[in-house]
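Below is one structure, written out as structure tokens, with a few remarks after it.
The values are calculated or read from the model by the stated rules, or taken from the named source; none is laboratory data. As the structure is a prediction and not an experimental result, all values here were calculated from the model. Here Cβ is always computed from backbone atoms with ideal geometry, including for glycine, and neighbour counts include all displayed protein chains.
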Amino acid sequence: MPSHFIALLFLASLAQAPRREESRYHQTIERVLTLLPKRPAQVVIVDPNQAGAEIRGTLLRMEAFIAKGGRVVYLTSHSGALQGALKGWSLHEHILASIIWHEMAHIDGADELEAQRREEALWIRYVMDERVDPGDGMRYLSGLKSRRSRDKNVQQGDAVLTLKGPLITAAIAVIEPTAPLTKR
Ligand SMILES: [Zn+2]
């Protein structure tokens, strides 16, 4: 199982990303969002290679992140989970859904331990409901659980980084879920 690295970022200057036309990303993300108990406000896919050199390295190290105070879930285009989901692989669609769920927990104010707990709870539900292969499901779950022993210093938050460049240039797909939640 590919391990995934998720970080909570402070984005220094984040402009509103533009809407782009329908794409394979939209179809894939819409399919993945149906696996979630509720939908995120917006999903934006960014291509690290289109980002400024000062943030490219950071983006290449992660699969998903949020901007502090924002309600957007960002996914990186090179993410293994996203790439598998784009190919229609069910396991990867479920992994991507659980990653998005982790970021949504942060958006709701959860710290890293709580976000991991919610991510694992959703994954366990996929396994119990036999939405994923039991062997794959248990292997991936043990990978999720091992994060806490591996990352001893990640207790109260993710790697918190500061990005100075605008992310706008790197946005390659903006997905507004078809049934957005009302604002809280
Ligand atoms: Zn996190």
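Failed condition for residue 50, given (1) within 16 Å of the ligand (Cβ to nearest atom); (2) at pLDDT 50 or above, with all others met?
Single failed check for residue 50: (1).
Is it the case that residue 58 is surrounded by 15 or more Cβ atoms within 10 Å (Cβ to Cβ) and in contact with a strand residue (DSSP E or B) (Cβ under 7 Å, 6 or more places away or on another chain)?
Answer is yes for this residue.
I'm checking my understanding of the structure. Among residues of the range 88-141 that are acidic (Asp, Glu), crowded, with 20+ Cβ neighbours inside 10 Å and out of contact with any Leu (no Cβ under 7 Å at 6 or more places or on another chain), which one is nearest to residue 24 (Cα to Cα)?
So, considering only residues that are acidic (Asp, Glu), crowded, with 20+ Cβ neighbours inside 10 Å and out of contact with any Leu (no Cβ under 7 Å at 6 or more places or on another chain), the one nearest to residue 24 (Cα to Cα) is 103.
Let's see how each residue does on (1) hydrophobic (A, V, I, L, M, F, W, C); (2) within 11 Å of the chain's Cα centre (by Cα):
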| residue | (1), (2) |
| --- | --- |
| 61 | no, no |
| 79 | no, yes |
| 84 | no, no |
| 94 | no, no |
| 115 | yes, no |
| 125 | no, no |
| 136 | no, no |
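Just to be sure I understand the filter: pairs with C-beta atoms under 6 Å, separated by 6 or more residues or on different chains, first member in the range 128-148 and without any contact (Cβ under 8 Å) to a residue 60 or more places away in the chain, second member among the aromatic types (Phe, Trp, Tyr). Which pairs pass?
Listed pairs, sorted by first residue: 132/126; 141/123.
Restrict the check to the range 95-111 and report whether at least one residue is among the charged types (D, E, K, R), free of Cβ contacts under 8 Å to residues at least 40 places away in the same chain and within 14 Å of the ligand (Cβ to nearest atom).
Yes, there is a match, as at least one residue in the range 95-111 is among the charged types (D, E, K, R), free of Cβ contacts under 8 Å to residues at least 40 places away in the same chain and within 14 Å of the ligand (Cβ to nearest atom).
Please tell me if residue 158 is within 12 Å of the ligand (Cβ to nearest atom), out of contact with any strand residue (DSSP E or B) (no Cβ under 9 Å at 6 or more places or on another chain) and at pLDDT below 90.
no
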